[in-house]
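Okay, so here's the structure we're looking at.
The values are calculated or read from the model by the stated rules, or taken from the named source; none is laboratory data. Note that the coordinates shown come from a computational prediction; the quantities given were computed from them, not determined experimentally. Counting neighbours? That spans all protein chains shown, and the Cβs are built from the backbone with ideal geometry, glycine included.
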Amino acid sequence: MAADSALTCTATGDLLELTPGGAWTAAQSAALEARMSEVAPQVSGARKLTINMGRVRELDTLGAWLLERLIRGCADRKVDVELVALPDRYRGLFDQIGRVNREAVAVPAAKNKLLAALEQVGQWAVELIPEFETFLAMLAAASFALGRVLMRPRSFRIISAVNHLYRVGWQAIPIMLMITFLIGAIIAQQGIFHLRKFGADAYVVDMVGILVLRELGVLIVSIMVAGRSGSAYTAELGSMKMREEIDALRMMGFDPVEVLILPRIVALVVALPILAFIGSMSALVGGGIVAWFYGGMSPEIYIARMHEAISVTHFKVGMIKAPFMALMIGLVACSEGLRVKGSAESLGLQTTNSVVKSIFLVIVLDGIFAIFFASIGM
Amino acid sequence: MATAQPDIVISVRDLVVGFGRQRVLDGLSLDVRRGEILGLVGVSGGGKTVLMRTIIGLIPKRQGRIVVMGVDRDTASAAEARALERRWGVLFQQGALFSSLTVRENIQFPMRENLQLSQRLRDELANAKLEMVGLSPSDGEKFPSELSGGMTKRAALARALALDPEILFLDEPTSGLDPISAGEFDALIKTLQQTLNFTVFMVTHDLYSLEMECDRIAALADGKIAAIGSVSQVVESQHPWVKSYFQGKRARVITRAPN
């Protein structure tokens with residue numbers, strides 16, 4: 001296939017004759033473009049131009065377009081161009097090529113970069129409003145669905161809810177145990193290391209106990225659930241949306257919120273407090289083990305000190321937050337899932353959005369709860 | 001290397017393709033001539049798409065020989081096989097446009113990878129291809145998700161034509177299109193085939209496309225080519241499946257008044 005391409009150029013007086021030869025095909029593109037630019041100065045000086053196609057062995061769209069472009073350039077300068085000895089088999093191609101690229105494509109004008117960046121920030125801010133609206137709409141839809149289910153308890157999709165509970169609750173236990181155990185251990189190690197300087201290393205128990213029960217147990221578990229189960233909810237609902245399953249459900253007279261979303265949110269609201277409890281306990285155990293081996297505090301003393309350091313209030317403060325975190329994660333995950341549009345790309349985008357938003361909101365909610373509990377003295 | 005006759009661009013001999021215990025293609029032989037439009041018909045699930053995908057190398061074969069444009073991929077080097085792949089274009093059933101690229105970038109993708117072109121020439125060529133398939137250059141800015149079914153097919157055709165292929169493989173080009181769009185698409189393929197001189201291998205169910213476009217028809221049944229020839233020849237075939245296919249009610253458009 002090593003066909004060669006050629007372009008010879010002979011000038012006789014005012015007349016310039018171009019003789020393309022060989023293969024004028026895409027495979028020769030680099031050489032052809034170079035040849036065309038070589039002859040460009042001669043062509044621009046010519047008064048009259050003849051293109052002799054007699055020696056072209058192969059011609060495709062690329063070759064035809066290069067010649068057509070040359071011809072058009074000449075026509076713009078009112079130079080006569082004659083195409084001679086064009087083989088019949090290429091006549092159709094030239095006719096076709098002669099019709100394309102006639103209209104200039106409008107290129108959007110480049111914007112000032114700074115202005116574009118500012119505009120983008122503004123866009124984001126404006127887009128927050130519909131996002132908040134979607135969230136509220138989902139909250140309302142889920143509340144109405146819950147209301148309807150409470151009026152007719154038999155319509156609740158118990159099997160679906162149990163299935164989701166199994167997936168977001170039971171199957172999540174090992175990873176939650178692992179993570180919170182490590183977090184508890186790290187806090188205890190850091191506490192012992194730094195408090196030892198003041199001879200206050202016994203207070204590590206207070207630190208681990210209060211921190212884990214009030215804040216970290218539920219927060220870490222919520223973040224893990226948002227990443228693990230929230231993303232799964234978004235991806236499932238999103239792919240159902242993509243394949244029009246949700247529309248099909250609606251057409252059969254079912255409410256997608258009642259059938260798909262409510263069982264998922266209920267499962268999450270049940271599972272998250274359980275996971276937060278298990279996680280907190282695991283973190284306390286992790287802290288205790290580090291206190292024993294690293295801080296030299298025997299388990300009996302650790303438990304005894306824990307008994308003094310923490311009260312049931314600390315435990316309550318942590319656990320009260322868990323269902324709200326779950327509700328937040330569930331609502332964000334489901335509303336993002338329903339916002340998926342036709343393409344697989346949008347599915348990926350909404351899943352990322354779902355995780356980022358729910359983690360952000362979980363932390364914000366935790367902050368609000370901290371202020372609230374502080375002001376009521378808990 | 002060049003074992004096939006010069007005017008045969010695709011030569012398939014005793015091809016066997018199967019999945020698990022099932023043999024989808026069982027000793028199939030087929031020749032496609034240069035410059036023709038060959039339509040392949042057959043039962044749903046009978047292996048038409050499998051045959052096409054085997055020829056272009058997406059499905060491994062168990063036995064047999066496939067020679068495309070004189071190149072047998074079993075004996076060809078990797079470089080030869082790659083060079084061969086540049087010489088054909090494939091229009092997949094769902095278009096298979098890359099969803100993260102605009103239509104223009106989709107068309108330019110094979111050019112960018114295989115040819116050394118300036119950006120200007122690449123843009124001009126992409127616009128030329130867009131217009132040749134009946135889209136406007138401004139459609140080039142759109143993403144595949146913004147296109148209608150017919151536009152997707154056209155954009156995918158423009159991409160298949162990006163490198164001026166010698167063979168064009170079409171997998172159900174008119175499926176999912178309304179009869180008018182389908183007719184226009186048939187006419188488009190026919191026109192482009194005449195201007196660009198490529199060979200078309202088309203899997204189709206559309207009886208109308210068969211009649212309008214195809215120079216020859218191959219009917220696939222029981223894993224073999226049951227009948228091959230011009231429309232009128234295949235209609236005369238005595239094979240039971242071919243007979244019921246072309247003599248059913250829906251086939252009347254084609255068998256009625258061969259003018």
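Yes or no, residue by residue, for (1) surrounded by fewer than 17 Cβ atoms within 10 Å (Cβ to Cβ); (2) of a type in the set (Asp, Glu):
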{"site": "A:SER5", "(1), (2)": "no, no"}
{"site": "A:THR8", "(1), (2)": "yes, no"}
{"site": "A:ASP14", "(1), (2)": "yes, yes"}
{"site": "A:ARG35", "(1), (2)": "no, no"}
{"site": "A:THR50", "(1), (2)": "no, no"}
{"site": "A:LEU67", "(1), (2)": "no, no"}
{"site": "A:ARG72", "(1), (2)": "yes, no"}
{"site": "A:ARG99", "(1), (2)": "yes, no"}
{"site": "A:ALA116", "(1), (2)": "yes, no"}
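The condition of being among the charged types (D, E, K, R), within 9 Å of chain B (Cβ to nearest Cβ) and over 22 Å from B:GLN194 (Cβ atoms) holds for only one of A:ARG99, A:ARG69, that being A:ARG69. Within the stretch A:133-155, take every residue that is free of Cβ contacts under 8 Å to residues at least 40 places away in the same chain and surrounded by 10 or more Cβ atoms within 10 Å (Cβ to Cβ) and give me the one that is farthest from the other protein chains (Cβ to nearest Cβ). Taking the candidates together, the pick is A:LEU150. Going through (1) facing chain A (nearest Cβ under 10 Å); (2) in contact (Cβ under 8 Å) with a residue 60 or more places away in the chain; (3) assigned to a loop (DSSP other than H, G, I, E, B) one by one, B:LEU192 falls short only on (3). Screening A:LEU331 on (1) within 14 Å of chain B (Cβ to nearest Cβ); (2) in contact with a Phe, Trp or Tyr (Cβ under 7 Å, 6 or more places away or on another chain) shows it passes everything except condition (1). Residues in the stretch B:144-165 that are assigned to a helix (DSSP H, G or I), of a type outside the set (Gly, Ala, Ser), over 14 Å from the mean Cα position of the chain (by Cα) and buried (at least 19 other Cβ atoms within 10 Å of the Cβ): B:PRO144, B:MET151, B:THR152.
The criterion of being buried (at least 20 other Cβ atoms within 10 Å of the Cβ), within 21 Å of A:ALA161 (Cα to Cα) and more than 27 Å from the chain's Cα centre (by Cα) holds for A:ALA276. If you go through the stretch A:197-226 and pick out every residue that is without any contact (Cβ under 8 Å) to a residue 12 or more places away in the chain and either on the phi < 0 side of the Ramachandran plot or surrounded by 23 or more Cβ atoms within 10 Å (Cβ to Cβ) (or both), you end up with 3. Within the stretch A:347-367, restricting attention to residues that are in contact (Cβ under 8 Å) with a residue 12 or more places away in the chain and of a type in the set (Ser, Thr, Tyr), the residue that is farthest from the other protein chains (Cβ to nearest Cβ) is A:SER358. Among the residues of the stretch B:168-186, are any outside any loop (DSSP other than H, G, I, E, B) and within 9 Å of chain A (Cβ to nearest Cβ)? Looking for residues that are outside any loop (DSSP other than H, G, I, E, B) and within 9 Å of chain A (Cβ to nearest Cβ), one finds none in the stretch B:168-186, hence no. Restrict the check to the stretch B:217-228 and report whether at least one residue is among the small types (Gly, Ala, Ser), closer than 30 Å to A:PHE94 by Cα, without any contact (Cβ under 8 Å) to a residue 40 or more places away in the chain and more than 14 Å from chain A (Cβ to nearest Cβ). The answer is no, given that none of the residues of the stretch B:217-228 is among the small types (Gly, Ala, Ser), closer than 30 Å to A:PHE94 by Cα, without any contact (Cβ under 8 Å) to a residue 40 or more places away in the chain and more than 14 Å from chain A (Cβ to nearest Cβ). A single member of A:GLY318, A:GLY253 is surrounded by 17 or more Cβ atoms within 10 Å (Cβ to Cβ) and either at pLDDT below 95 or farther than 21 Å from A:MET178 by Cβ (or both), and it is A:GLY318. Looking only at the stretch A:328-378, residues that are within 25 Å of A:ALA142 (Cα to Cα) and in a helix (DSSP H, G or I) come to 35 in all.
With respect to (1) of a type in the set (A, V, I, L, M, F, W, C); (2) touching a Pro at 6+ places or on another chain (Cβ under 8 Å); (3) away from chain B (no Cβ under 14 Å), the lone exception for A:VAL56 is condition (3).
For the criterion of being among the charged types (D, E, K, R) and away from chain B (no Cβ under 14 Å), A:GLU119 passes. Restricting attention to the stretch B:116-173, the residues that are of a type in the set (Asp, Glu) and either in contact with a strand residue (DSSP E or B) (Cβ under 8 Å, 6 or more places away or on another chain) or touching a residue at least 60 places away in the same chain (Cβ under 8 Å) (or both) add up to 3. Does the stretch A:296-316 include one or more residues that are assigned to a helix (DSSP H, G or I), farther than 29 Å from A:ARG196 by Cα and within 29 Å of the chain's Cα centre (by Cα)? Scanning the stretch A:296-316, I find no residue that is assigned to a helix (DSSP H, G or I), farther than 29 Å from A:ARG196 by Cα and within 29 Å of the chain's Cα centre (by Cα), so the answer is no. Scoring B:TRP88 on the criteria (1) in contact with a Phe, Trp or Tyr (Cβ under 8 Å, 6 or more places away or on another chain); (2) at pLDDT 85 or above; (3) at the interface with chain A (Cβ under 8 Å from one of its Cβ atoms) leaves a single failure, condition (3). Of the residues making up the stretch A:195-219, those that are more than 40 Å from the chain's Cα centre (by Cα) and not charged (D, E, K, R) number 8. Inspection of the stretch A:139-157 identifies at least one residue that is out of contact with any helix residue (DSSP H, G or I) (no Cβ under 8 Å at 6 or more places or on another chain) and under 18 Å from A:ILE329 (Cα atoms). Answer yes or no as to whether B:GLU124 is within 11 Å of another protein chain (Cβ to nearest Cβ), outside any loop (DSSP other than H, G, I, E, B) and either crowded, with 19+ Cβ neighbours inside 10 Å or at positive phi (or both). It is true that B:GLU124 is within 11 Å of another protein chain (Cβ to nearest Cβ), outside any loop (DSSP other than H, G, I, E, B) and either crowded, with 19+ Cβ neighbours inside 10 Å or at positive phi (or both). When each of B:PHE185, B:PHE201, B:PHE246 is tested for being under 22 Å from B:THR49 (Cβ atoms), out of contact with any Pro (no Cβ under 8 Å at 6 or more places or on another chain), modelled with pLDDT of 80 or more and crowded, with 21+ Cβ neighbours inside 10 Å, the lone residue that passes is B:PHE201.
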